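K.L.:
Mind looking over this structure? Questions follow.
The values are calculated or read from the model by the stated rules, or taken from the named source; none is laboratory data. Nothing here was measured: the structure is a model prediction, and the numbers come from that model. No Cβ is skipped: glycine too gets one built from the backbone with ideal geometry, and neighbour counts run over all protein chains shown.
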């Protein structure tokens, strides 16, 4: 593989992962639930999926297991933060600790084992035969295409269906949504599960499809970047695609620079995704300062819904 | 019972039971934690190990207090912003940047007399911590950009910044690890030893600062303004309190406190800068602050209890408890603390299926129009 191809492959891998995870987070945030525990959820999905993959040899089953583990794990968050109204940020932080700890414990006997057999690739008819670009963009594992399709589906759901209208109503004004007859808590719990399932899938894709082995804390901070890109994208699903691949690309740059021995210190390159998301989030604030039409967060984001 | 419906309602009459629920959460967490730990290390008696590692020996008590010092400071840093309903999740990064600045002073001015050098290092660490929160604070206060994401992101930047300096600028000779050389001996603040138990300067400063904040927030106009604004930003606005300036000051105070946590770790405890200077101290500080209900006076006590938790986990690794399991338990205690905090403000009522929620307590404002039977059918258990 040439350097260019390697960079792109890494960028697509990281980008796909954080796109899935970020989309789940965005759906939860649309109904007003802020979950900062993505790093923990991803790790649980990565570990759970890998274990099922090694034992069954079936990557599809393994990815489904990753999603189920992520969704189930996030119901801990749902129970405490949504049903019992505990603080969402504290619960999210707790989820990170619990996820790192539990996935480390689960994965201990799977360190050094070889993965489950590869996830099948899909060649886009016609386009995959284009020289250079074809193999990079149009011969990917199917998870990549799934990740690319989901934001469009989410966009349609959010902005062109009654279901989406209800979701946004809950996120902006849960009291009004409640008065209109929407079972707010049930919806929030459902999207907490969706957030966990997509988070687990994003993690499972890393351990099963990219790295193909289990390693302690293998997400290495991707969960935090996935959280940030939701803010970067301004809660717009299609914008999320660009944000995900931009910061996936920045992350790939770090690895490539290390391999190539670029004169820039590795630490500074490794800062790029974090510093980049930081600057974009702050930059958005500056851009929309005293400007009309700011599409900012759901109004009730992070506030537990209490009726009265 | 299964057929009943569970409702979450606001407690009437303030937070009377708050302390009780926090203590219940903590005790429950520790009890379950101990039970899990016992299942790991079947050969030995967990209670003995925990006792020896915490209050049962001078060595154990020293370790507990060594954890408690920086935890007190990072918890105070979080509690300060929490008073205004702001989130400083960046104490981890601010601690590192404080330590970085202190290290820089120590290596740049090695000729200064010891006490002056130490004072300069601490001042530098406070300033560095405050600077590290400055941009997120400005963005939050003046542009409405959430500080949750921005403060978190800067934690990762800070750790990489430290790694760079430890490897490239002030490297220790003869080690492949990311750590600086030892600081000049004159910068060490010797710990106090009372009856075999060593107390480091960070804890002394933490307790002093907690007391100062507790009194200061009650006795000064600044503290009064913070309390009013925290309770109701609208009331504060009508009262003419400059909310934005207040928020900025609180953020900078918080950053400075987290910064000196790093400074005192260097001069009082570890004496060299590395990425191991903090093992999640910034995040654990959040747990401590939540357990303490953000009451400054309670923070040192909770930091010592939490320090006991960390020291026990560390001691039990010798007997076979993994670091993963103790990390999980930390998260579990934090989760219970959050639920306990919520239980002090809300309560669950169970109404049997088919009945209206007559048990719902009277709202201080009186029952609103339309509250009643039609609403009860919707919220699931």
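K.L.:
Got at least one residue in segment B:103-122 being within 14 Å of chain A (Cβ to nearest Cβ), touching a strand residue (DSSP E or B) at 6+ places or on another chain (Cβ under 9 Å) and touching a residue at least 40 places away in the same chain (Cβ under 8 Å)?
P.N.:
The answer is no, given that none of the residues of segment B:103-122 is within 14 Å of chain A (Cβ to nearest Cβ), touching a strand residue (DSSP E or B) at 6+ places or on another chain (Cβ under 9 Å) and touching a residue at least 40 places away in the same chain (Cβ under 8 Å).
K.L.:
Condition (residue is in contact with a helix residue (DSSP H, G or I) (Cβ under 6 Å, 6 or more places away or on another chain), under 30 Å from residue A:226 (Cβ atoms) and not in a helix (DSSP H, G or I)) applied to segment B:122-133: is it met by at least one residue?
P.N.:
No, the conditions are met nowhere in segment B:122-133.
K.L.:
Considering each residue of segment B:334-344, count those that are closer than 21 Å to residue A:96 by Cβ and more than 8 Å from chain A (Cβ to nearest Cβ), and give that number.
P.N.:
So the answer is 2.
K.L.:
Run residue B:33 past the list (1) modelled with pLDDT of 80 or more; (2) within 21 Å of residue B:289 (Cβ to Cβ); (3) surrounded by fewer than 14 Cβ atoms within 10 Å (Cβ to Cβ) and report the number of the one that doesn't hold.
P.N.:
Of everything listed in (1) modelled with pLDDT of 80 or more; (2) within 21 Å of residue B:289 (Cβ to Cβ); (3) surrounded by fewer than 14 Cβ atoms within 10 Å (Cβ to Cβ), residue B:33 misses just condition (3).
K.L.:
State which residue is nearest to the chain's Cα centre (by Cα) when the search covers only segment B:39-54 and only residues that are surrounded by 14 or more Cβ atoms within 10 Å (Cβ to Cβ) and at pLDDT 80 or above.
P.N.:
Ranking the qualifying residues of segment B:39-54, first place goes to B:54.
K.L.:
Give the residues of segment A:261-287 that are facing chain B (nearest Cβ under 8 Å) and either at pLDDT below 85 or surrounded by 17 or more Cβ atoms within 10 Å (Cβ to Cβ) (or both), sorted by residue number.
P.N.:
Hits for segment A:261-287 are A:265, A:267, A:270, A:271, A:274, A:275, A:277, A:278, A:281, A:282, A:284, A:285.
K.L.:
Can I ask one more? Spot the failing condition for residue A:248; the list is (1) over 30 Å from residue A:57 (Cβ atoms); (2) away from chain B (no Cβ under 13 Å); (3) at pLDDT 85 or above, and only one is missed.
P.N.:
Just one mismatch for residue A:248, condition (1).
K.L.:
Now for a different question. Quick check on segment B:275-289. Is at least one of its residues buried (at least 24 other Cβ atoms within 10 Å of the Cβ), within 19 Å of residue B:60 (Cβ to Cβ), away from chain A (no Cβ under 14 Å) and under 16 Å from the mean Cα position of the chain (by Cα)?
P.N.:
no
K.L.:
Can you go through A:40, A:71 and tell me which one is over 19 Å from residue A:141 (Cα atoms), facing another protein chain (nearest Cβ under 9 Å), in contact with a helix residue (DSSP H, G or I) (Cβ under 7 Å, 6 or more places away or on another chain) and modelled with pLDDT of 95 or more?
P.N.:
A:40
K.L.:
Related question: Looking at B:313, B:293, B:320, B:282, can you tell me which residue is modelled with pLDDT of 90 or more and in contact with a helix residue (DSSP H, G or I) (Cβ under 7 Å, 6 or more places away or on another chain)?
P.N.:
B:282
K.L.:
Within segment B:308-332, which residues are surrounded by 21 or more Cβ atoms within 10 Å (Cβ to Cβ), more than 8 Å from chain A (Cβ to nearest Cβ) and under 20 Å from the mean Cα position of the chain (by Cα)?
P.N.:
Listed by number, the residues that qualify are B:308, B:309, B:310, B:311, B:312, B:313.
K.L.:
Continuing with the same structure: Among B:203, B:209, B:183, which is the only one that is outside any helix (DSSP H, G or I), under 24 Å from residue B:116 (Cα atoms) and touching a residue at least 12 places away in the same chain (Cβ under 8 Å)?
P.N.:
Sole residue among the options that is outside any helix (DSSP H, G or I), under 24 Å from residue B:116 (Cα atoms) and touching a residue at least 12 places away in the same chain (Cβ under 8 Å): B:183.
K.L.:
Between A:92, A:99, which is more than 9 Å from chain B (Cβ to nearest Cβ) and crowded, with 23+ Cβ neighbours inside 10 Å?
P.N.:
Exactly one of A:92, A:99 is more than 9 Å from chain B (Cβ to nearest Cβ) and crowded, with 23+ Cβ neighbours inside 10 Å, namely A:92.
K.L.:
Take segment B:310-334 and flag every residue that is closer than 15 Å to residue A:87 by Cβ and without any contact (Cβ under 8 Å) to a residue 12 or more places away in the chain.
P.N.:
Looking only at segment B:310-334, we keep the residues that are closer than 15 Å to residue A:87 by Cβ, and these are B:331, B:333-334.
Of everything in segment B:310-334, just one residue is closer than 15 Å to residue A:87 by Cβ and without any contact (Cβ under 8 Å) to a residue 12 or more places away in the chain, namely B:331.
K.L.:
Then there's this: Hey, residue A:300 hits all of (1) over 26 Å from residue B:164 (Cα atoms); (2) assigned to a helix (DSSP H, G or I); (3) more than 11 Å from chain B (Cβ to nearest Cβ) but one; which does it fall short on?
P.N.:
(2)
K.L.:
Answer yes if at least one residue in segment B:107-115 is touching a helix residue (DSSP H, G or I) at 6+ places or on another chain (Cβ under 6 Å) and crowded, with 24+ Cβ neighbours inside 10 Å, and no otherwise.
P.N.:
Let us first name the residues in segment B:107-115 that are touching a helix residue (DSSP H, G or I) at 6+ places or on another chain (Cβ under 6 Å), namely B:114.
Still in the running and crowded, with 24+ Cβ neighbours inside 10 Å: none.
Checking segment B:107-115: not a single residue is touching a helix residue (DSSP H, G or I) at 6+ places or on another chain (Cβ under 6 Å) and crowded, with 24+ Cβ neighbours inside 10 Å.
K.L.:
Here is a follow-up. Look through A:34, A:43, A:8, A:23 and report the one residue that is out of contact with any strand residue (DSSP E or B) (no Cβ under 9 Å at 6 or more places or on another chain) and assigned to a loop (DSSP other than H, G, I, E, B).
P.N.:
A:34
K.L.:
Kindly establish whether residue B:158 is in contact with a helix residue (DSSP H, G or I) (Cβ under 8 Å, 6 or more places away or on another chain) and within 14 Å of another protein chain (Cβ to nearest Cβ).
P.N.:
The answer is yes for residue B:158.
K.L.:
Please indicate, with yes or no, whether at least one residue in segment B:254-273 is assigned to a helix (DSSP H, G or I) and within 13 Å of residue B:84 (Cα to Cα).
P.N.:
yes
K.L.:
Working only within segment B:220-235, note down all residues that are under 14 Å from residue B:86 (Cα atoms) and outside any helix (DSSP H, G or I).
P.N.:
B:232
K.L.:
Ok, one more. Could you check segment B:66-90 and list, in sequence order, the residues that are assigned to a helix (DSSP H, G or I) and surrounded by fewer than 24 Cβ atoms within 10 Å (Cβ to Cβ)?
P.N.:
If the condition is that a residue be assigned to a helix (DSSP H, G or I) and surrounded by fewer than 24 Cβ atoms within 10 Å (Cβ to Cβ), then B:66, B:67, B:82 are the ones that fit.
K.L.:
Residue B:93: within 14 Å of chain A (Cβ to nearest Cβ), assigned to a helix (DSSP H, G or I) and surrounded by 14 or more Cβ atoms within 10 Å (Cβ to Cβ), yes or no? Give the steps one after another, and end with the answer.
P.N.:
On the way: within 14 Å of chain A (Cβ to nearest Cβ): yes; assigned to a helix (DSSP H, G or I): yes; surrounded by 14 or more Cβ atoms within 10 Å (Cβ to Cβ): yes.
Yes; evaluated as a whole, the condition is true for this residue.
K.L.:
Moving to a separate point now. Any chance segment B:168-183 includes a residue that's within 14 Å of another protein chain (Cβ to nearest Cβ) and closer than 27 Å to residue A:38 by Cα?
P.N.:
No, every residue in segment B:168-183 fails to be within 14 Å of another protein chain (Cβ to nearest Cβ) and closer than 27 Å to residue A:38 by Cα.
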